[in-house]
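A.B. asks: Structure below; questions to follow.
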Amino acid sequence: MCNIIMGAYATYNEVYMKIIYNDGTVAECPQEEELQVIRHTAAHIMAQAIKRLYPHADFGYGPATDKGFYYDVDLGDTKLTDDDLAAIEKEMQKIVKENLPIKSFILPRAEAIALMQSRNENYKVEHIGDLPEDAIISFYQQGEYIDMCKGPHLTYTKALKAFKITQQSGAYWKNDKKNKMLTRIGGVAFRTQEELAAYEELVKEAKARDHRKIGKDMKLFMTDDLIGRGLPMFLPNGYEIWQQLESYIKEKERRLGYLHVLTPCVGTVGLYRTSGHWDHYRENMFPMMEVDDEQFVLRPMNCPHHMMIYANQTHSYRDLPIRIGEIAHDFRYEPSGTLKGIERGRHFCQNDAHLFVTPEQIKDEVESVVNLIFDVYKDFGITNYRCVLSLRDPEDKVKYHQDDAMWEKAETALRDVLTALGIQFTEEIGEAAFYGPKLDVNVQPAIGAEYTLSTCQLDFCLPAKFNLTYTDKDGSDKTPVVLHRAILGSLDRFMAYLIEETKGRFPVWLSPLQVKVLTLPNTDAAFAKEVHEKLLDAGVRSKLDDRNETIGYKIREARQVDRVPYMLIMGAKEISEGVLSVRSRDTDQTTQMTVDEFINAITEQIRTRA
RNA sequence: GCUGAUGUGGCUCAGUCGGUAGAGCACGUCCUUGGUAAGGACGGGGUCACCAGUUCAAAUCUGGUCAUCAGCUCCA
């Protein structure tokens, strides 16, 4: 194993540093598998501890994960408290201390089943049934504990040096909600205590970065039970950012020929029957409501509205592409357990657009969308993302619109453009929208699972359902192709992303407050007020803090709560010299400049969105 | 939606065996007249998420509801 462990175990027999494979051979652990082996062994040791404390425990799967490990276990009616988890962790430490040798052996299928049955491991027996006939069924044993497992593992329990149980939750057997829910007990494990401590520090930092926490601190948004679950409200500070983002993206889109519209947040059920959403996604929409003789739903997406705008008049091939954009309010009935601040709510605002194009224009338009995505990412300094080409699962006859030729054409078109542009992407089967394949650009939040920021979807399906046409050169009616795309995704989610990336220290152009003018106590505030008003006149979001408080106090608040990019310190010296002392949030340095110099500098920063 | 945990002033949290509710920050008034990350005193502020139940008595015990968090599942 690695050098760190070598050092830490210098007094132990070198055999601790080796791993044992399922055929019984003992060898050095390849560096890249080291953590995997440690964590998998941690799962076994935890299972052993659980079995000692809860002899009726029946184990499912217990793998290593990218941070640690877990084991799914059926404990019957037993519920675990935090104290119980602590007790399990304590028992694990005991097992580690016992320094049990870990040994592997192989059994023929019948004997393997018999062994697991004799130990009341019913899920393992079922697992054996799932294995191919010629599978080698191997076991690992430490002390009284035997687990069916393909390994490899550490050779002694004492080699597990740094671990911690972190959570319990429910998880379905084989991840299928038709199956019984087991208790998933999870933890983290590392090579050394130092690495574990470093990881815990990272977790702490991630929590401090969580947009829900910063959003509350900076008064960006709020929620209230009386408003409803999953319905955050943007406060003045948050709405300032929201408006800046809206102007920013609309400007970009206007230059690319987008036309912006405003459409209502409800539509008739008939609209969604036509689009097919009613059949496919009704259960994810707010329930239908009836007014007079009409049936409505809150809209979960905007494609049908934009389709109707296209259909409002006839179109020639000369008009295409037509690009219809909207910052559109949508409502989705998201499962309660998935709601997360402004990252995922039941109401959100999409930076949506639908591009109506001829088949010949697909390539150029997809290219333009992809370029826009990465142009925007450049502006925001977004570099840590993952591109996914989401394809249909041809076997899934229920979810996807049935038209093999259409899918073939759409998927090939999208793939070709991405390849031609040199975009790195992975392909995922079964991730497409029901009407077409898509490019998703995914990012990782401070806490929780990856989500999609931007998307570009190719649709040969909905235009036909809405009977959309354009007149081609030869005078015949043709069906346009539609590109659905969202660059900032939803403004809500994009803001969540920005909050976590910047830790609330937004670039100047986005900062809710750009300048705070701070007077020293007992100083004439006239000059400060004059500068503050000049800033307001120049379009700068400035606030005057002339309270009778110490300068240290005011600076602390401006830094920690407002996270304001620039502080102007106003004392007797500044008044008498007519000069500004500008303190920067980023450098904590104070520099002297004239009022005009400062206003020119900051307005230039804002204008260029530096 | 599922499993588990949690819910106490605006925020972060204490509250032991069931006996009239606490701190720090924030806020207000006053003192301090000050130069770059916590000067001081006093004060206001809570239906202990909500609804029932047990009890002489419930923040505390029981049941239910709602919400939040972690994970699972889902995400047009």
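A.B. asks: Working only within the stretch A:553-572, note down all residues that are among the aliphatic types (A, V, I, L, M), in contact with a Ser or Thr (Cβ under 9 Å, 6 or more places away or on another chain) and within 9 Å of A:ARG585 (Cβ to Cβ).
C.D. replies: Scanning the stretch A:553-572 gives A:VAL564, A:MET567.
A.B. asks: Related question: Among helices (runs of 4 or more DSSP H) lying entirely in the stretch A:75-151, which contain 3 or more residues that are within 16 Å of RNA strand B (Cβ to nearest atom), loosely packed, with under 13 Cβ neighbours inside 10 Å and assigned by TED's automatic domain parsing to the domain that holds A:ALA49?
C.D. replies: Because the criterion is at least 3 residues that are within 16 Å of RNA strand B (Cβ to nearest atom), loosely packed, with under 13 Cβ neighbours inside 10 Å and assigned by TED's automatic domain parsing to the domain that holds A:ALA49, the helices (runs of 4 or more DSSP H) in the stretch A:75-151 that meet it are A:82-98.
A.B. asks: Within the stretch A:586-599, is even one residue under 18 Å from A:PRO512 (Cβ atoms), modelled with pLDDT under 90, in the same structural domain as A:THR523 (by TED's automatic domain parsing) and not hydroxyl-bearing (Ser, Thr, Tyr)?
C.D. replies: Yes, that holds for at least one residue.
A.B. asks: Could we say that A:ALA610 is of a type in the set (Gly, Ala, Ser), surrounded by fewer than 20 Cβ atoms within 10 Å (Cβ to Cβ) and within 30 Å of the chain's Cα centre (by Cα) here?
C.D. replies: When the stated conditions are applied, A:ALA610 passes them.
A.B. asks: Which condition does A:ILE447 not pass, out of (1) touching a residue at least 60 places away in the same chain (Cβ under 8 Å); (2) surrounded by 20 or more Cβ atoms within 10 Å (Cβ to Cβ); (3) within 11 Å of RNA strand B (Cβ to nearest atom), if it passes all the others?
C.D. replies: Condition not satisfied by A:ILE447: (2).
A.B. asks: Now, a different point. For the stretch A:460-475, indicate whether the set of residues that are assigned by TED's automatic domain parsing to the domain that holds A:LYS252 and under 27 Å from A:GLU343 (Cβ atoms) is non-empty.
C.D. replies: Of the residues in the stretch A:460-475, the ones assigned by TED's automatic domain parsing to the domain that holds A:LYS252 are A:460-475.
Right, trim to under 27 Å from A:GLU343 (Cβ atoms) and you get none.
No, that holds for no residue.
A.B. asks: Any idea how many residues of the stretch A:235-262 are within 16 Å of RNA strand B (Cβ to nearest atom) and touching a strand residue (DSSP E or B) at 6+ places or on another chain (Cβ under 9 Å)?
C.D. replies: 3
A.B. asks: Here is a further query. How about the stretch A:176-189: which of its residues are at pLDDT 85 or above and not basic (Lys, Arg)?
C.D. replies: Once the filter is applied, which keeps residues that are at pLDDT 85 or above and not basic (Lys, Arg), the stretch A:176-189 yields A:ASN179, A:MET181, A:LEU182, A:THR183, A:ILE185, A:GLY186, A:GLY187, A:VAL188, A:ALA189.
A.B. asks: A further question on this structure: Does A:GLY325 satisfy being modelled with pLDDT of 95 or more, farther than 30 Å from A:VAL561 by Cα and surrounded by fewer than 18 Cβ atoms within 10 Å (Cβ to Cβ)?
C.D. replies: No; evaluated as a whole, the condition is false for this residue.
A.B. asks: Within the stretch A:434-444, track down each residue that is surrounded by 15 or more Cβ atoms within 10 Å (Cβ to Cβ) and out of contact with any helix residue (DSSP H, G or I) (no Cβ under 9 Å at 6 or more places or on another chain).
C.D. replies: The answer is A:ASP440, A:ASN442.
A.B. asks: In the same structural domain as A:ARG346 (by TED's automatic domain parsing), at pLDDT 95 or above and more than 21 Å from A:TRP509 (Cβ to Cβ): is that true of A:GLY230 in this structure?
C.D. replies: So A:GLY230 does not fit the description; no.
A.B. asks: Among (1) touching a Ser or Thr at 6+ places or on another chain (Cβ under 7 Å); (2) part of a strand (DSSP E or B), which single condition is A:LEU535 missing?
C.D. replies: (2)
A.B. asks: A further question follows. Would you call A:ILE38 at pLDDT 90 or above and more than 17 Å from A:ILE146 (Cβ to Cβ)?
C.D. replies: Details: at pLDDT 90 or above: yes; more than 17 Å from A:ILE146 (Cβ to Cβ): yes.
Against the criterion (at pLDDT 90 or above and more than 17 Å from A:ILE146 (Cβ to Cβ)), A:ILE38 qualifies.
A.B. asks: Inside the stretch A:215-255, can you point out the residues that are hydrophobic (A, V, I, L, M, F, W, C) and under 17 Å from A:CYS349 (Cα atoms)? Before the answer, list the steps.
C.D. replies: We begin by selecting, within the stretch A:215-255, every residue hydrophobic (A, V, I, L, M, F, W, C); these are A:218, A:220-222, A:226-227, A:231, A:233-235, A:241-242, A:245, A:249.
Across the stretch A:215-255, the qualifying residues are A:LEU220, A:PHE221, A:MET222, A:LEU231, A:MET233, A:PHE234, A:LEU235, A:ILE241, A:TRP242, A:LEU245, A:ILE249.
Listed here are the residues, each with its yes/no results for (1) away from RNA strand B (no atom under 16 Å from the Cβ); (2) buried (at least 17 other Cβ atoms within 10 Å of the Cβ); (3) in the same structural domain as A:ILE106 (by TED's automatic domain parsing); (4) of a type in the set (A, V, I, L, M).
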residue: A:ALA159; (1), (2), (3), (4): yes, yes, yes, yes
residue: A:PHE163; (1), (2), (3), (4): yes, yes, yes, no
residue: A:TRP173; (1), (2), (3), (4): no, yes, yes, no
residue: A:LYS177; (1), (2), (3), (4): no, no, yes, no
residue: A:ARG184; (1), (2), (3), (4): no, yes, yes, no
residue: A:TYR199; (1), (2), (3), (4): no, yes, no, no
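A.B. asks: May I ask you to say which residue of A:ASN312, A:ASN284 is surrounded by fewer than 17 Cβ atoms within 10 Å (Cβ to Cβ), under 26 Å from A:CYS461 (Cβ atoms) and within 15 Å of RNA strand B (Cβ to nearest atom)?
C.D. replies: Going through A:ASN312, A:ASN284 in turn, the sole match is A:ASN284.
A.B. asks: Would you pick out the residues in the stretch A:555-569 that are more than 9 Å from RNA strand B (Cβ to nearest atom) and either part of a helix (DSSP H, G or I) or closer than 15 Å to A:ASN237 by Cα (or both)?
C.D. replies: Listed by number, the residues that qualify are A:ALA558, A:ASP562, A:ARG563, A:VAL564, A:PRO565.
A.B. asks: Quick test for you: out of A:THR455, A:THR471, A:THR383, A:THR412, pick the one residue that is surrounded by fewer than 17 Cβ atoms within 10 Å (Cβ to Cβ), of a type outside the set (A, V, I, L, M, F, W, C) and within 17 Å of the chain's Cα centre (by Cα).
C.D. replies: A:THR383
A.B. asks: Please enumerate the residues belonging to the stretch A:538-554 that are in contact (Cβ under 8 Å) with a residue 40 or more places away in the chain and either assigned to a helix (DSSP H, G or I) or within 12 Å of RNA strand B (Cβ to nearest atom) (or both).
C.D. replies: Those that are in contact (Cβ under 8 Å) with a residue 40 or more places away in the chain and either assigned to a helix (DSSP H, G or I) or within 12 Å of RNA strand B (Cβ to nearest atom) (or both): none in the stretch A:538-554.
A.B. asks: Within the stretch A:424-444, work out how many residues are away from RNA strand B (no atom under 14 Å from the Cβ) and in contact with a Leu (Cβ under 8 Å, 6 or more places away or on another chain).
C.D. replies: 3
A.B. asks: Another question, then. If you check A:ALA601, A:ALA610, which single one turns out to be among the small types (Gly, Ala, Ser) and in a helix (DSSP H, G or I)?
C.D. replies: A:ALA601 is the lone residue from the list that is among the small types (Gly, Ala, Ser) and in a helix (DSSP H, G or I).
A.B. asks: I've got another one for you. When only residues in the stretch A:544-562 that are closer than 17 Å to A:ARG505 by Cα and among the basic types (Lys, Arg) count, which is surrounded by the most Cβ atoms within 10 Å (Cβ to Cβ)? Can you show your working first?
C.D. replies: Taking the stretch A:544-562 as the starting set, the residues that turn out to be closer than 17 Å to A:ARG505 by Cα are A:555-562.
Pick out the ones that are also among the basic types (Lys, Arg) and you get A:556, A:559.
On the way: A:ARG556: 12, A:ARG559: 16.
For the stretch A:544-562, the residue satisfying everything is A:ARG559.
A.B. asks: For the stretch A:128-178, give me each residue that is of a type in the set (Val, Ile, Thr), in contact (Cβ under 8 Å) with a residue 40 or more places away in the chain and closer than 15 Å to A:TYR71 by Cβ.
C.D. replies: Within the stretch A:128-178, A:ILE165, A:THR166 qualify.
A.B. asks: Would you check if A:PRO521 is surrounded by fewer than 20 Cβ atoms within 10 Å (Cβ to Cβ) and outside the structural domain of A:ILE599 (by TED's automatic domain parsing)?
C.D. replies: Taking the combined requirement at face value, the residue does not satisfy it.
A.B. asks: Related question: I need the strands (runs of 3 or more DSSP E) fully contained in the stretch A:251-328, keeping only those with at least 1 residues that are more than 21 Å from A:PHE356 (Cβ to Cβ) and under 30 Å from the mean Cα position of the chain (by Cα).
C.D. replies: A:266-268, A:294-298
The values are calculated or read from the model by the stated rules, or taken from the named source; none is laboratory data. Quick caveat, the model's predicted, so the values are computed rather than measured. Cβ: placed from backbone, ideal geometry, glycine included. Neighbour counts: every protein chain shown.
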